[in-house]
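**Q** Got a structure here, written out as structure tokens. Questions coming.
Each reported figure results from applying straightforward, stated rules to the coordinates on display, with no laboratory input. Since the model is a prediction, treat every value here as computed from it, not as a measurement. As a convention, Cβ positions derive from the backbone with ideal geometry for all residues, glycine included, and neighbour counts pool all protein chains shown.
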Amino acid sequence: MAHHPWLLAVGLLRVPINATHAERTQARIALALKAVSEGYALIETFETDDNATKTDSTFQVLEELAVRVDAQALVCSGAVDSARAHELADRARMVIVTV
């Protein structure tokens, strides 16, 4: 695994299902800016919603990426499942940063 001179983070975003494209974009920008302000390079942001199957898949892919790149932080925004986010962060040895 390559080692990078910067700290990496993955993002987890939950926006209302009826959010507009502009609202989603604003939420993603806020998440990215929070990551940078905390000293992290955000490599990807995953969205979750009320669909349990999609959410399970999202958490699985997010964790696989975080482990693969040795991400140091999980940046969360919106009403994400806090318990699941903390469990994932613990398994992948990441800290949680909240927007």
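**Q** For the chain, set up a Gaussian network in which alpha carbons nearer than 10 Å are linked by springs, and say which option among Leu65, Leu31, Leu12 fluctuates the most.
**A** Leu65
**Q** Next question, about the same structure. Quick one: His86, His21, fewest Cβ neighbours within 10 Å first, how do they rank?
**A** On the way: His86 14, His21 7.
Least crowded to most crowded, the residues run His21, His86.
**Q** Pull out a ≥ b ≥ c, the square roots of the eigenvalues of the alpha-carbon gyration tensor of region 25-75, then state rounded if a/c is under 1.5, prolate if not and a/b is larger than b/c, and oblate in the remaining case.
**A** Working: a/c = 3.21, a/b = 1.30, b/c = 2.47.
Oblate shape, in that a/c is at least 1.5 and b/c is the bigger or equal ratio.
**Q** Could you tell me which label, among (i) 38, 25, 24; (ii) 39, 27, 19; (iii) 147, 23, 16, carries the value of Cα extents along the principal axes in Å calculated for this structure?
**A** Label (ii) holds the value from this structure.
**Q** Set Lys and Arg Cβ to +1 and Asp and Glu Cβ to -1, take the dipole of region 1-51 about its Cα centre, and tell me which of Ala30, Asn18, Thr48 lies farthest positive.
**A** Projecting each Cα onto the dipole axis, the largest value belongs to Ala30.
**Q** Under a GNM of the chain (C-alpha, springs under 10 Å), which listed residue has the highest mean-square fluctuation: Ala32, Ala22, Ala79?
**A** Residue with maximal mean-square fluctuation among Ala32, Ala22, Ala79: Ala22.
**Q** Let me ask something else about it. Based only on other Cβ atoms within 10 Å, what is the fewest-to-most ordering of Leu62, Leu33, Leu8, Leu74?
**A** On the way: Leu62 22, Leu33 12, Leu8 19, Leu74 26.
Ranking Leu62, Leu33, Leu8, Leu74 by Cβ neighbours within 10 Å, fewest first, gives Leu33, Leu8, Leu62, Leu74.
**Q** Where the only charges are on Cβ atoms (+1 Lys, Arg; -1 Asp, Glu), what is the dipole of the chain about its Cα centre, to the nearest 20 debye? Show your work: numbers first, answer last.
**A** Values: 9 positive and 13 negative charges, 40 e Å.
Result for the chain is approximately 200 debye, rounded to the nearest 20.
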